[in-house]
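Okay, so here's the structure we're looking at.
The values are calculated or read from the model by the stated rules, or taken from the named source; none is laboratory data. Remember, predicted model here, so these are calculated numbers, not experimental data. Note: ideal-geometry Cβ built from the backbone for every residue, glycine included; neighbour counts use all protein chains shown. Ligands, DNA and RNA are stripped out before the accessible areas are found, and what is left, the full protein with its side chains, is counted by its heavy atoms. Shrake-Rupley method; radii C 1.70, N 1.55, O 1.52, S 1.80 Å.
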Amino acid sequence: MTFALIFAAFSMGLLGSPHCLGMCGGIVAAFGISMKNTSPAKRTLLMLGYHVGRLGSYTILGLLVAALGKHILAPLMANSALPKYLLGGALVFAALLMLGLPVLNRLEKAGLRFWNTLAPLRAKVLPMDNLPKALIAGLLWGFLPCGLVYGALGVALGLASDSQVGLTATTFMVFFWLGTLPMLLATGTVIAWLKSKIHAFNLRKFSGVVMLISGLAIAFSMPIMHRLHGDHAEHGHHHHHHTSDEHIHDQAGHHSHQHHGEAPAHEHDHSSHSDQSHSHHH
C-alpha cells in the first residue's frame, strides 16, 4: 500500500505537470527573464533555490495537515474503519482531479483570494537576483492556488489520521514535489517532448484510473479485513472464556473432592477418640 501511495504522490506531481506549467511555468519563465543578466551557473543556483523554497511550502502544508489529522481527526475516529474511508476517499478525489473533473474550482477561487493578499510580498522578491530571494519566492509560490496541490493535501490528511499507514503526510508531499520537478527544471524542447508523451499515452488518465482503484481498494478492502479480524478475535475471546470456565469448573470439582475426602478422615479420628473414651470408661 505504501508503494501505491508513493506512486500516487509522484504521478500527481509529474503527470499533472502540464497543468502546473500553465500556472507555474509562466512564473518560472518570468524568473528566467529577470535573471537574464546573471551567469548560467548562478541562474541554475537561483532556480534550485526557488524549487527548494517550493519544497519548504509543501513541507509546511504537509506538517499542518499532519497536525490536524493526528491530533484532531485521529482521536475522533479511533477504533473504527473511518480513517481508511477518509484515505480511500481522498485518493478517489485526487483521481477525479487527474481525470480532469473540475471538482475544486470553488476551492481554487478561495485560494486565489489568499494568493492576492501575498502580492506585496511577491513584489519584494523580484528581481530574483540572490539566493535568499529565490528561496522566499519558492516558499511564496508554493501557495499558488492549485487543485492538484489541494488533492495531494487531502490524501496527506487521510494519511495523518490513520496511524497504521507507514507513510507520513509530509513524506507524501515531498514525493509530490519530486514529481513536479522534471517538467519545471526541463528545457523547452524536453518540456515539449514530455507533454507530447503524457498526452499521446493518456498517462494522466491512466494514473487517475490507478489512483481510483487504489482509493476504492483502501476504502473498502481494509474495513472488510478489519471486520473479519474483529470477528476472529471475538471468536478467540469466546473460546478462551469457555476454556476458562471449564478450568474453573475443574478446579471447583477438585476442591470439592478434596473436601469430601477429608471428611471421613475427620470422622474416623472422632470415632477413634470416642472408642478410646468408651474403653477408658469401662
K109 accessible area, 1.4 Å probe, all protein chains in place, Å² to nearest 10: 140 Å²
Exceeding the 22 Å Cα-Cα cut-off - candidates K70/K133; K36/K124; K109/K197; K36/K133: K70/K133; K109/K197
Dipole of the range 29-181, positive end: most advanced residue of G147, L96, P127 [Cβ charges, Cα centre]: P127
Heavy-atom accessible area order for L167, L121, largest first, 1.4 Å probe: L121, L167
Accessible surface ranking that places the most exposed of D129, D162 first, with a 1.4 angstrom probe: D129, D162
Local electrostatic count, L203, Cβ distance below 12 Å [Lys/Arg +1, Asp/Glu -1]: +4
Accessible surface, 1.4 Å probe, highest first, among residues R106, R54, R204: R106, R204, R54
Local net charge near L144, Cβ-Cβ under 12 Å (Lys/Arg +1, Asp/Glu -1): +1
Per-residue SASA entry for L107, accessible area with 1.4 Å probe, Å² rounded to 10: 80 Å²
Accessible area (Å², 1.4 Å probe, nearest 10) - F201: 130 Å²
